[in-house]
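Read the structure below first, then the notes.
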Amino acid sequence: MLRKIASFTINHDTLTPGMYISRVDGDCITYDLRCKWPNKGDYLAQAPLHTIEHLVATYVRSSDWSDQVVYFGPMGCRTGFYLIMRDAVGHRQAIDLVKAAFAFAADFEGEIPGAKQIECGNYLEHDLPGAKAEAAAYVRVLENVTPDTLVYPE
């Protein structure tokens, strides 16, 4: 019998955009970077989501915390992303890193990292203006995030 995974136990009817601790596994913390309201019909379009993935993943893996980054990638429901970090990074540092990474994406100009045909499995599906707009919207959401608000709503 399949077990229900932790993320499916969160009430998505009360979940709002924000940043949350999704789970802790040993020395790894999974952060839920919720950009969109679940089940409201407004989701991250595939091309901007893909571009944000490239920009933010490159940023966090180039940061001072790069050795502590395990994974950054999109949620299948297209309402946000997961960031998995080692617990050597405190919650305040993780919040600051996410804020800086999305601000970087919101202001990015130039060639999207890793978006050439030889580097990317779907190199034609990118949207930098769309990614910048979505990242800027999430930067505004992050203004109110603190270590005390990283808990999922009831």
Contacts under 6 angstrom Cβ, first residue in the range 64-91 being within 16 Å of Ile21 (Cα to Cα), partner in a strand (DSSP E or B) and among the polar types (S, T, N, Q), 6 or more apart: Tyr82/Thr30; Ile84/Thr30
Long-range neighbours under 9 Å by Cβ, at least six apart or interchain, first residue farther than 13 Å from Leu44 by Cβ within the range 122-133, second exposed (fewer than 13 other Cβ atoms within 10 Å of the Cβ) and β-branched (Val, Ile, Thr): none
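Yes/no matrix, rows are residues, columns are (1) among the hydrophobic types (A, V, I, L, M, F, W, C); (2) out of contact with any Pro (no Cβ under 6 Å at 6 or more places or on another chain); (3) modelled with pLDDT under 95; (4) within 23 Å of Gly110 (Cβ to Cβ):
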residue: Ile10; (1), (2), (3), (4): yes, yes, yes, no
residue: Asp13; (1), (2), (3), (4): no, yes, yes, no
residue: Met19; (1), (2), (3), (4): yes, yes, no, no
residue: Ile29; (1), (2), (3), (4): yes, yes, no, no
residue: Tyr43; (1), (2), (3), (4): no, yes, no, no
residue: Pro48; (1), (2), (3), (4): no, yes, no, yes
residue: Thr58; (1), (2), (3), (4): no, no, no, yes
residue: Gly80; (1), (2), (3), (4): no, yes, no, no
residue: Asp96; (1), (2), (3), (4): no, yes, no, no
Some residue of the range 17-31 being within 16 Å of Ala133 (Cα to Cα), surrounded by 15 or more Cβ atoms within 10 Å (Cβ to Cβ) and in contact with a Gly (Cβ under 9 Å, 6 or more places away or on another chain): yes
Cβ-Cβ under 7 Å pairs, at least 6 apart or on other chains, the range 99-112 side on the phi > 0 side of the Ramachandran plot, far side assigned to a helix (DSSP H, G or I): none
Of all residues in the range 40-50 being closer than 17 Å to Pro74 by Cβ, over 12 Å from the mean Cα position of the chain (by Cα) and not hydrophobic (A, V, I, L, M, F, W, C), the one that is surrounded by the most Cβ atoms within 10 Å (Cβ to Cβ): Pro48
Scope the range 41-73; condition of a type in the set (A, V, I, L, M) and under 15 Å from Asp127 (Cα atoms); matching residues: Leu44, Ala45, Ala47, Leu49, Ile52, Leu55, Val56
Residue within the range 64-73 that is within 14 Å of the chain's Cα centre (by Cα), small (Gly, Ala, Ser), buried (at least 16 other Cβ atoms within 10 Å of the Cβ) and at pLDDT 95 or above present: no
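The values are calculated or read from the model by the stated rules, or taken from the named source; none is laboratory data. These figures come from a predicted structure and were not determined experimentally. Virtual Cβ from ideal backbone geometry, glycine too; neighbours counted across all protein chains shown.
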